[in-house]
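The values are calculated or read from the model by the stated rules, or taken from the named source; none is laboratory data. Just so it is clear, the model here is predicted, and its values are computed rather than measured. Note that we place each Cβ from the backbone using ideal geometry, even for glycine, and neighbour counts take in every protein chain shown.
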Amino acid sequence: MDQDPRSRSRDLTPSTATGDETPARSLASPPDEDKAARKTESPPTSVADGEKTARTPPQPASSGTSAPAPLTAAEEAKVEQILRACESQDLLSLIDYASTSGGFVNDEARRVAWPILLGCSGDPEIESPWQDLPVQQYERQIGLDVDRSFVYYPKHQTEKELAIRKGELSDLIVSVLRQNPFLHYFQGYHDIVQVFLLVLGPTASREPVTRLSLVRIRDFMQFTLAATKTHYKLLPDILFKADPELCRRVSDANPSCALAALLTLYAHAIREYSEVTRLFDFLLAHEASMSIYLFAAIILARREDILTMDPDEPDMIHVTVANLPQQPLELEQLIEHTMVLFKQHKPCTLPWLTWFQVSRYSVLKTTQDLQTRTSQCLGEARQQFTRHESELKFFEDVRKRYTFARLQLKKHRSSAKVAGLTAVVVVVAWWLAKSGSQPAFLRAFGGSMLLEPLRRISSFFRATRLD
């Protein structure tokens, strides 16, 4: 972590360390085929046609080698209702559909609903071709991360098809970040963008990914992890309100155990395409803090397992909690529990005033209002990013100065004690010289050993007429 913070990419793999930042480690872990036995909806083999926009009628996904199961009559009816809500821009209905069983059901509905929830206009800003913009210093890391993408889904892809997808993913990430060079890439950003690419296609993804980056996850793209810490530091507060006993048990596990899941909207942890897209339905429909409540719900769901762990092994608890999102999840139950948890313990009611320490420019607060998060212009989002960055730099400077002062005080503690004692002696001697008396307490406690030096110093003051 000695790199320039503006150029480093942040590794999001959980660690047993109890510090706030996790040590760097490769995300290139081999796929675990034995744990991916559940049937899932596969993404289309052919990437969606890039000419579709957020406002065009949805087109059926290209059939892949593993086609999704046919929809039931109820699911077909729900998709029709979702599409009608999209046509009428009924945001409240879309949020309701995203929060109920099945979410948006399939990618046909998601291709229309996701851009609307993100506030896409269908007319992205006119900008210079991204290929003509300056190369960013983290593009090499992007290439390394893209090479490790598409591990768990889509399935049954040829090497050629995977190479095409990886090229599209790299171009999509680089184009967004070159056009917004103040955003700092973090390792795991590619996991999020990968999901958008598979659902929306390479061209139609650009505006939604841009708005997601600026309006929903810009805290994670600051020059430091300080803004990200304000997210996962809310986790103990939520747990304390919901279950004080469980909160005490996991209190020794640093809240950074939630870092990987929160940074990537759980895309790095969940290995099934149908599950990660279902979860995106829910998270995109709600404010940014909802993902923290979701992690709390995951911990609460594993309450009995955690309480049986040895409290004297905080590192083991940390690793276990960090890996919870990778275990099989009952998503619909978790989403329902998350909604209840959020309604019962709103952010502003959490203990220890943690919520009030969150910057007003953080997405935790700017996405609270539905109209703001779905209609905020990118210029305003960029301005909030800059102001938040200025705040973070100010507090970082204060922290460094405070740390330096403490180190200097510790380093020169002996000298400081001598200087302080000398100052006290001089002041007392000056007072004695001025008063011309010797208090009883000095005679009682100091004796001649203390009084003699004071007499000599006071005599010096009298001789030099300093009294």
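Things worth noting here:
- Residue check, S251 small (G, A, S), out of contact with any strand residue (DSSP E or B) (no Cβ under 8 Å at 6 or more places or on another chain) and surrounded by fewer than 23 Cβ atoms within 10 Å (Cβ to Cβ): yes
- Qualifying residue in the stretch 119-128 (condition: surrounded by 21 or more Cβ atoms within 10 Å (Cβ to Cβ) and in the same structural domain as V215 (by TED's automatic domain parsing)): yes
- From the list L214, L172, the lone residue that is aliphatic (A, V, I, L, M), surrounded by 22 or more Cβ atoms within 10 Å (Cβ to Cβ) and closer than 26 Å to Q368 by Cα is L214.
- Considering residues of the stretch 311-321 that are touching a helix residue (DSSP H, G or I) at 6+ places or on another chain (Cβ under 7 Å) and either assigned to a loop (DSSP other than H, G, I, E, B) or among the hydrophobic types (A, V, I, L, M, F, W, C) (or both) only, the residue surrounded by the fewest Cβ atoms within 10 Å (Cβ to Cβ): P311
- Check on R278, part of a helix (DSSP H, G or I), without any contact (Cβ under 8 Å) to a residue 24 or more places away in the chain and more than 17 Å from P347 (Cβ to Cβ): no
- Test: residue in the stretch 286-303 that is in a loop (DSSP other than H, G, I, E, B), in contact (Cβ under 8 Å) with a residue 40 or more places away in the chain and touching a His at 6+ places or on another chain (Cβ under 9 Å): yes
- Within the stretch 322-354, the residues that satisfy the criterion of being modelled with pLDDT under 95, surrounded by 19 or more Cβ atoms within 10 Å (Cβ to Cβ) and in a helix (DSSP H, G or I) are A322, L324, P325.
- Filter pass, I335 being within 21 Å of the chain's Cα centre (by Cα) and among the β-branched types (V, I, T): yes
- Residues that are acidic (D, E), modelled with pLDDT under 90 and either within 28 Å of F282 (Cα to Cα) or in a helix (DSSP H, G or I) (or both), drawn from the stretch 115-172: D123, E125, D132
- Matching residues in the stretch 239-255 - criterion: being over 16 Å from the mean Cα position of the chain (by Cα) and either over 16 Å from P314 (Cβ atoms) or assigned to a helix (DSSP H, G or I) (or both): L239, F240, K241, A242, D243, P244, E245, L246, C247, R248, R249, V250
- Of all the residues in the stretch 370-390, those that are more than 29 Å from L92 (Cα to Cα), touching a residue at least 24 places away in the same chain (Cβ under 8 Å) and surrounded by fewer than 16 Cβ atoms within 10 Å (Cβ to Cβ) number 2.
- Being of a type outside the set (D, E, K, R), closer than 24 Å to V215 by Cα and surrounded by fewer than 16 Cβ atoms within 10 Å (Cβ to Cβ) holds for only one residue in L144, L92, L162, and it is L92.
- Filtering the stretch 75-118 to residues that are within 18 Å of R216 (Cβ to Cβ) and either of a type in the set (D, E, K, R) or assigned by TED's automatic domain parsing to the domain that holds E275 (or both) leaves only R110.
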